[in-house]
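For reference, the structure is listed below as structure tokens.
The values are calculated or read from the model by the stated rules, or taken from the named source; none is laboratory data. On a predicted model such as this, the values are computed, not experimentally measured, just so you know. Methodologically, a virtual Cβ is constructed for each residue, glycine included, from the backbone with ideal geometry; neighbour enumeration extends over all protein chains shown. Protein only, heavy atoms only, side chains kept; ligands, DNA and RNA dropped before computing areas. Shrake-Rupley method; radii C 1.70, N 1.55, O 1.52, S 1.80 Å.
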Amino acid sequence: MEDQKVGWSAVFKDGLGLYTIMLNLGIGLHAVDVFIVTTVMPSVVRDIGGASYYSWTTMLYMVASIIGAATGAPLKAKLGARRAYCLGALLFLLGSISCASSPTMLFLLSARLVQGFGGGLIISLSMALISELYPERLRKRILGLVSSTWGVAALIGPAVGGTFAQYGFWRGAFWINAPIIIGFMAAAWFRLPERRSPPPMSTFPWRRMALLALGVLCVGVASNWHSLLVQAALIVASVVLVWQTLRLDAAGVSKLFPSHPFSPKTTTGSASWVFFLSSMTHTVIGVFLPLALQVLHGVDPLVAGYMTASLAVCWTTASMATAHLHGRAASAAIIIGQVMCVIGLSSLAFGIERVPTFVVPMLNGLVGLGLGCSNLHVTAATMRHAQPGEETLTAASIPTIRSLGIAFGAAAAGVIANGAGLTDALLPADVSRAVLAVLGIGVLAPVGALILALRFTALVAAANPDPARSAPDSAGATH
């Protein structure tokens, strides 16, 4: 079939080249920033203080990025793709400049909120534009390139941040964004279409956005509390607030999410659960694997960071290697990928102290390979099987759902670790017990993702009775 023979160069032809560069550049800015900031934070604290708010720079950025991502579809409907995309870039630029100029930690935290909102908005609109600008036969290729951007960011982010920190100029890690964002914004302004998505939006969903923001803030703050009871209460409150947001959104106009976003009876809903649980899978690893490597294996912090990055690199590798798959092979990749996640995380959980140090990044990479094999095909299929009229909304909501999985995964990991007895002393026995508990219980996430992936592929197959086309990238839809 023609769509099976399409090459990587196709996403740079027929007027798509500038779009491809622009989308990957926008996503790359957000991705690299995530890895740079964690590297320069020790230097930031030594310069302007605020050690008690050390983790808040990442937490507030995450909270703001979720809200920004959820705002993507309504803003695109109101402002049009060009203005909405440029607004996200402008906010990211202002946030970056403010971070670079921060005299105090409080100022920096405020700047990270602005920067995070802009980054989330860019990611959401990028996914929406992939759905709109690229024909179905090219979507897996462009999604593979997007995945490669995250892999490259995982490699160069710590190096760039470490270089600025080493020379005592942590502010440069934020200033470096400015010329890149300006070029990105210019490309978006002159290249993206001006037209708005019909019909024009009458009202902006402020109430739902406020509820979602409060819910995400609760789960974000939960990971910064040491009281197990307070953490649990904040997570429960967050679940209630997010559920209320979804309930109001289902009956409202100017939607933030597609219809039935978490119903296992629909392709969109089952895919959302796969995204959510997959994000929890890599988050529980990302939060505690560096600690386990440093305390239990005596690995240098920078080396531990790169060992942890093996997941992102392998995710990219698998996405690029399987992007050509179609039909039943794509369905198999989804299921096999989730099985690899279960095996990889289970092996990490119960072998973190027993296996040689060099095996740890290999097991971490196995999870990355599984996520790469599965998520690209689920994403492409979700776009294709979106309910008619909700194609852009469905694509734009994917980053929000993934980010919610990251937020809840980090909070749940913190609750489990505290319950297992982790303390600020970071004694090896306490770390061992906490990591085993976090990763061991965390295995439930890929197990759940596997179950929902089986459900997803079954729904798609039922919608496409032709056995030659019964696969996630074939025609038809189940809603």
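For region 331-339, does any single residue satisfy the condition of being of a type in the set (Gly, Ala, Ser) and under 24 Å from ILE406 (Cα atoms)? If you could, list the steps in order and put the result at the bottom.
Residues of region 331-339 of a type in the set (Gly, Ala, Ser): 331-333, 337.
After this cut, where a residue has to be under 24 Å from ILE406 (Cα atoms) as well, the list is 333, 337.
Looking for residues that are of a type in the set (Gly, Ala, Ser) and under 24 Å from ILE406 (Cα atoms), one finds at least one in region 331-339, hence yes.
Assess whether LEU436 counts as being out of contact with any Asp or Glu (no Cβ under 9 Å at 6 or more places or on another chain) and either in a helix (DSSP H, G or I) or not β-branched (Val, Ile, Thr) (or both). So LEU436 does not fit the description; no.
Just one of the listed residues (SER238, SER227) is under 19 Å from LEU422 (Cα atoms) and hydroxyl-bearing (Ser, Thr, Tyr), namely SER227.
Each residue in region 381-406 was checked for being among the aliphatic types (A, V, I, L, M), more than 16 Å from the chain's Cα centre (by Cα) and open to solvent by less than 10 Å² (accessible area, probe 1.4 Å), and 3 of them qualify.
Note on region 189-206: residues that are surrounded by 14 or more Cβ atoms within 10 Å (Cβ to Cβ) and either at pLDDT 85 or above or out of contact with any helix residue (DSSP H, G or I) (no Cβ under 9 Å at 6 or more places or on another chain) (or both) amount to 1.
Got a number for residues in region 407-432 being under 26 Å from LYS265 (Cβ atoms) and either part of a loop (DSSP other than H, G, I, E, B) or open to solvent by 10 Å² or more (accessible area, probe 1.4 Å) (or both)? Spell out the reasoning first.
The first filter runs over region 407-432 and keeps only residues under 26 Å from LYS265 (Cβ atoms), leaving 407-409, 412.
Adding the requirement that they be either part of a loop (DSSP other than H, G, I, E, B) or open to solvent by 10 Å² or more (accessible area, probe 1.4 Å) (or both) leaves 408, 412.
So the answer is 2.
Anything in region 78-99 that is of a type in the set (Gly, Ala, Ser), surrounded by fewer than 19 Cβ atoms within 10 Å (Cβ to Cβ) and either touching a residue at least 24 places away in the same chain (Cβ under 8 Å) or more than 15 Å from ALA178 (Cβ to Cβ) (or both)? List them, or say none. Of everything in region 78-99, just one residue is of a type in the set (Gly, Ala, Ser), surrounded by fewer than 19 Cβ atoms within 10 Å (Cβ to Cβ) and either touching a residue at least 24 places away in the same chain (Cβ under 8 Å) or more than 15 Å from ALA178 (Cβ to Cβ) (or both), namely GLY80. Here VAL378 meets each of (1) at pLDDT 90 or above; (2) over 16 Å from the mean Cα position of the chain (by Cα) with one exception, condition (2).
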